[in-house]
Amino acid sequence: MTTPSGKKRIFVLHGPNLNLLGLREPEHYGHDTLEAINQRLCARANAEGITLEVCQSNAESDLIAAIHGLFQHPADFVIINPAAFTHTSIALRDALAAVKVPFIEVHLSNVYARESFRHHSYFSDLAVGVISGLGAAGYEYALDFAIQRLKQR
Ligand code: DQA
């Protein structure tokens, strides 16, 4: 699964309220803005000759539509922080199951050290792996893993 140019493609999805990173509860989510995180991810992927595309939405239906878009415009790997939808969205889970693209679930905060309603994820059992509590670096570790995985293919 590659782009028409022959490049591998990684799709990064950010769920609700992550557009507020930098402003939002820095004690949980740190000081980086989403734009800064996305720029670092794009730079790292570009350096490896990999196309990286990013989508953030506060609407479940937009996130589902973005995942459905992978049928028409396939990706080799997905990195997703479903944010609050982690704990609520069977629909988003089903969309990822339908497209069958391997994915890593990322959380900036350690969801297991927080309220009990954050301990359950509708995604983790489908994920290749889960990174939680490592802040913005978690996205970069997920990307490094995805790059290594794509190089092995
Ligand atoms: C989050 C953790 C979720 O519980 C929360 O609803 C978020 C962000 C994280 O990145 O730590 O919005 O996914």
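One table, with the values for the structure above:
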| read-out | value |
| --- | --- |
| Tally of residues being in contact with a helix residue (DSSP H, G or I) (Cβ under 7 Å, 6 or more places away or on another chain) and either more than 10 Å from the ligand (Cβ to nearest atom) or within 20 Å of Ala91 (Cβ to Cβ) (or both) across region 112-128 | 7 |
| Residues of region 132-149 classified as more than 10 Å from the ligand (Cβ to nearest atom) and crowded, with 19+ Cβ neighbours inside 10 Å, total | 4 |
| Selected residue [assigned to a helix (DSSP H, G or I), in contact (Cβ under 8 Å) with a residue 12 or more places away in the chain and surrounded by 18 or more Cβ atoms within 10 Å (Cβ to Cβ)] from Ile10, Ile67 | Ile67 |
| Residue in region 50-88 that is farthest from the chain's Cα centre (by Cα), counting only those that are among the polar types (S, T, N, Q), within 14 Å of the ligand (Cβ to nearest atom) and farther than 19 Å from Ile131 by Cα | Asn58 |
| Test for Ala142: is it aliphatic (A, V, I, L, M) and either touching a residue at least 40 places away in the same chain (Cβ under 8 Å) or not in a loop (DSSP other than H, G, I, E, B) (or both) | yes |
| Identity of the residue in region 13-64, open to solvent by 40 Å² or more (accessible area, probe 1.4 Å), of a type in the set (A, V, I, L, M, F, W, C) and not in a helix (DSSP H, G or I), that ends up farthest from Gln148 (Cα to Cα) | Leu23 |
| Residue list for region 85-106, restricted to those being in contact (Cβ under 8 Å) with a residue 12 or more places away in the chain and either in contact with a Gly (Cβ under 7 Å, 6 or more places away or on another chain) or part of a loop (DSSP other than H, G, I, E, B) (or both) | Phe85, Thr88, Ser89, Val101, Pro102, Ile104, Val106 |
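The values are calculated or read from the model by the stated rules, or taken from the named source; none is laboratory data. Please read all numbers here as calculations on a predicted model, not as lab measurements. As a convention, Cβ positions derive from the backbone with ideal geometry for all residues, glycine included, and neighbour counts pool all protein chains shown. These area figures cover heavy atoms from the full protein model, side chains too; ligands, DNA and RNA do not enter into them. Shrake-Rupley method; radii C 1.70, N 1.55, O 1.52, S 1.80 Å.
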